[in-house]
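Report on the structure given below.
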Amino acid sequence: MKTDNFVSSDVLLDQIFSITQGLYKEMSKPSGDAENDHNTIYRLLTDLGRTLVNADRASFWKWDKRNHSIWTTAAVGAGRITIPEGTGLVGKALAERHAIVTNDPYNHPDFNSDVDKKTGYVTKSILVMPICNCKGEFIGAYQAINKLDSEEGFDLEEDVRRLSLAAFICGIVLESDTFLDDSQHDKLTELKNRMGFYNDYTKTYEKILLDTEHIRNVSLFICDIDFFKKVNDTYGHNAGDAVLKHVADNFRRNSRICDGVYRWGGEEFIVVLPDSTAEQAAEAAERLRCCIMDSVCHFEDLDIKVTMSFGVTAIDPAVSIEDNIKAADEKLYKAKESGRNRVII
């Protein structure tokens, strides 16, 4: 049954053209000029999907396979939500590789009503459509909530047909976003690499340092594994790779969420600590040094123990980031010369 929210074809086309014009303008901006990277594009694509199926709300979900989670990159009517992969209606649609419609969500075993309980919103109908890349690999999903022009809710055939336009465009954008993300991560350790470091420095840390209204400290330390060549020569390069992953996992687990952890190259790592003085960064480095020293890397039938040396500095915004890294690297060199397995500030 159609309701008063029915949209005529002419109005629908006008809405679609307005959104696609916004998409074209956003994608035509010079590199780095678009606010929040692809977030504006995802918001417009989400709005396009919501318009195509005449839904009250919509969200676009990205499958983060590196962190085994699914999260909204843009949403209409709700904030960012992160869920474990394979859970919820979005996880179910991705796992089963097909669209899902429920017009009785509160009685659906995969529907999570927590958001409704917190906000008072009433969900009456849901359409979830998985999105794939050019290789046929599913990488995200659309979720449309509450069909406005039908009391019966979403129609699996007709609304999926309508939503396929936005899903196709979004798949291309998400695939390019995934390629960019992969290029900024080290495949072995899954930490961000040198490219990821410079991207984060320009978009996050440098802005903190140059904010004259809110003075905040940012520090970093550079570190490397002591006698790493000996590990490779004694146990082989596969064992060396296992040690690198072991160190990366320890850094990930024992750093703050706001800290940036990067594999700088070879056996070297850099950690950036916002809102931290050099002394506080040195304390964090000391905790990590002890953590690595007291841990054991288990590889096949071997138990490998390593230590690390650290050089710490507060980032000086008056000089280049390369000069700041050089300052920390000089401290690391002193740590090596004075016996290794220590922190020099």
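None of the figures in this text is laboratory data; all of them are computed from the coordinates on show. Just so you know, these numbers come straight off a predicted model, no measurement behind them. Neighbour counts are summed over all protein chains in view; Cβ atoms, including those assigned to glycine, are modelled from backbone coordinates with ideal geometry.
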For this session: Please sort 139-148, 263-272, 119-128 by packing, taking for each peptide the average over its residues of neighbouring beta carbons within 10 angstrom, highest first.
Result: 139-148, 263-272, 119-128
Exercise. Does the range 242-345 classify as rounded, prolate or oblate by the C-alpha gyration tensor (a ≥ b ≥ c root eigenvalues; a/c under 1.5 gives rounded; else a/b over b/c gives prolate, otherwise oblate)?
Worked result: prolate
Problem set entry | Filter on 117/207; 203/230; 25/203; 305/331; 230/336 - keep pairs with C-alpha separation over 27 Å | 117/207; 203/230
Exercise. So how far, in whole Å, is the C-alpha centre of the range 230-290 from the one of the range 149-179?
Worked result: 41
Problem set entry | Additional length obtainable on full extension of the chain from residue 124 to residue 245, 0.36 nm per residue less Cα span | 38.9 nm
Exercise. What is the extension gain from residue 107 to residue 338, computed as 0.36 nm multiplied by their sequence separation minus the C-alpha to C-alpha distance, in nm to one decimal?
Worked result: 76.5 nm
Problem set entry | Pairs from 29/147; 229/326; 62/192; 62/326 whose Cα-Cα separation, in the structure shown, is over 26 Å | 29/147; 62/326
Problem set entry | In the range 76-169, GluC sites (Glu not before Pro) in a DSSP loop with at most 15 other beta-carbon atoms within 10 Å | 137, 151, 152
Seminar exercise, completed: Using alpha-carbon positions, the gyration tensor of the range 9-182 gives root eigenvalues a ≥ b ≥ c; with a/c under 1.5 called rounded, otherwise prolate if a/b exceeds b/c, else oblate, the class is oblate
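By DSSP, what percent of the beta bridges with both residues in the chain are antiparallel, rounded to the nearest 5?
DSSP beta bridges in the chain are roughly 95 percent antiparallel.
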For this session: Using only the Cα atoms, work out Rg/Rh for the chain, with Rh taken as the Kirkwood radius, to two decimals.
Result: 1.07
Problem set entry | Computed [θ] at 222 nm, deg cm²/dmol, the chain (DSSP H ≥ 4; -39,500 (n - 2.57); rounded to nearest 500) | -13500 deg cm²/dmol
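Residue 180 to residue 68: FRET efficiency via 1/(1 + (r/R0)^6), r the Cβ-Cβ distance, R0 22 Å, to the nearest 0.05?
Working: r = 20 Å, r/R0 = 0.92.
After rounding to 0.05, the efficiency reads 0.65.
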